[in-house]
Amino acid sequence: MPPLFETMLLVFGLVALGYAFGRAGLLGTRTGDGLTDFAVTVGIPVLLFRTLVEADFSGARPWALWGAYFSSVFLAWIVGQAIVGHVFGRDARAAIVGGVAASFSNLVLLGAPLVLGIFGQAGFEVLSLIVMVHLPIMMASSIVLFAWVDRTAGGGLSSLALVRQFLRVFLGNPLIVGILAGIAWRFAGWPIPYVARPVVDALASVAGPVALFAVGLGLVQFGIRGAVLPALALSPLKLFVMPTIVLVLAMAFDLPPLVAKVAVVGAAMPTGVNPYLIATRFGTGQALASNTMTITTAAAVLTTAFWLVVVEMVFG
């Protein structure tokens with residue numbers, strides 16, 4: 001069996017298994033929330049910490065990588081926001097959720113184990129360069145846009161309150177804590193302590209499988225809600241437009257082959273849970289975010305395989 005097919009079978013098999021257990025009622029919503037909390041609060045932060053401490057980023061060209069990836073994020077966000085606001089006639093706040101849902105890749109729960117399985121530790125090191133700036137940029141952009149819309153309507157937060165809200169969200173996120181700790185540890189030049197090494201490795205090794213199973217359980221919880229057409233319109237932006245933009249820019253910037261492959265595959269990941277959390281936090285667009293996440297995750301079984309074949313053909 002080809003390694004690519006084996007990895008795809010493992011990754012989406014675990015997602016399907018989680019969905020099957022949840023659909024059959026063998027595991028409930030609380031279990032899914034608990035597994036997701038473990039993956040996001042413990043497993044993935046430890047994996048990021050270890051990677052940032054020990055990774056060799058030489059030759060990764062992070063500025064070119066970020067330029068290619070976040071250009072696709074910006075364009076998908078703008079188009080997604082315009083589609084929800086102008087085509088489907090939703091208000092400005094719901095349109096922001098549409099932009100986030102069209103551009104916020106599931107780089108952590110789905111992308112991390114997929115990239116580890118296909119491209120190995122070297123590939124995950126490249127992905128970690130995206131992850132370390134992805135969440136702060138997306139959260140800050142969302143908060144600023146909602147504040148701008150609310151101020152335009154005569155309300156909203158003051159500038160100081162806006163900064164406080166961002167810092168509270170930023171510093172309270174375990175992924176950010178893991179990233180900042182890894183960067184600080186790396187700059188200090190410290191190795192991971194010998195006595196802590198087995199614990200760090202054990203937690204990092206189970207992060208991927210637990211995250212994938214939790215994604216499957218989450219699909220049962222979120223499902224399809226309300227109007228589906230806006231989510232169907234956003235899904236091609238997430239699954240095809242974003243990776244296409246990254247592919248073109250990766251070639252234009254002459255990114256190293258592995259860096260280019262990971263960037264394209266990362267952009268091709270389905271919508272994650274964060275747009276739904278953002279929608280819930282600001283009280284609008286929850287069904288839109290939930291539907292987009294569910295539809296893109298289901299379709300990603302095929303679209304991810306497509307993009308993996310494309311990057312192998314283009315970048316070797």
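Of Met138, Met269, Met242, which has the largest mean-square fluctuation in a 10 Å C-alpha GNM of the chain? Of Met138, Met269, Met242, the most mobile in the Gaussian network model is Met138.
The Cα atoms of region 23-121 give a gyration tensor whose axes a ≥ b ≥ c have a/c of 1.5 or more with a/b no greater than b/c, which makes the shape oblate.
Translational diffusion coefficient of region 194-316 (Stokes-Einstein, Kirkwood radius from Cα pairs, 25 °C, 0.890 mPa s): 152 µm²/s.
Rounded to the nearest 20 Debye, what is the dipole magnitude of region 3-315 about its Cα centre when Lys and Arg each give +1 and Asp and Glu each give -1 at the C-beta?
Dipole size: approximately 660 debye.
Is the shape of the chain rounded, prolate or oblate, going by the alpha carbon gyration tensor and its root eigenvalues a ≥ b ≥ c, with a/c under 1.5 for rounded and a/b larger than b/c for prolate? It comes out rounded by the Cα gyration axes. Considering only Leu232, Gly178, Ile130, and ranking their Cα positions along the charge dipole of region 3-315 that arises from unit charges at the beta-carbon of Lys, Arg, Asp and Glu, the one farthest toward the positive end is Leu232.
Note on the chain: dipole from Cβ charges, positive end direction compared against Ala207, Leu255, Ser290; the farthest Cα belongs to Ser290. Ranked for footprinting exposure by Cβ neighbours inside 10 Å, fewest first, Trp66, Trp148 give Trp148, Trp66.
Amide H contacts of Arg225: Asn291, each under 5 Å away and 5 or more positions distant or on a separate chain (H built 1.01 Å from N in the peptide plane; Pro and chain starts excluded). With the simple spin-label model, which puts each label point 7 Å out from Cα in the Cβ direction, the Arg30 to Ala140 separation comes to 3.9 nm.
A straight line joining the Cα centroids of region 212-253 and region 74-140 runs 8 Å. Helical runs (DSSP H, four residues minimum) scored at -39500 (n - 2.57) apiece and divided by the length of the chain put the mean residue ellipticity at 222 nm at -25500 deg cm²/dmol.
Here His86, His134 are placed in order of increasing Cβ neighbour count within 10 Å, fewest first, which gives His86, His134. The simple spin-label model puts a point 7 Å past each Cα toward its Cβ; for Val206 and Arg151 those points are separated by 4.6 nm.
With both labels modelled 7 Å from their Cα along Cα-to-Cβ, the Trp190 to Leu4 distance reads 4.3 nm. Footprinting exposure proxy ranking of Phe146, Phe282, fewest other C-beta atoms within 10 angstrom first, gives Phe282, Phe146. Taking every C-alpha pair closer than 8 Å and separated by at least 6 residues, the mean separation divided by the residue count of the chain gives a relative contact order of 34 percent.
Every number in this text was worked out from the coordinates using simple rules, so none of it is lab data. These numbers were taken from a predicted model, which means no experiment stands behind them. All Cβ positions, even for glycine, are placed from backbone atoms using ideal geometry, and neighbour counts span all protein chains on display.
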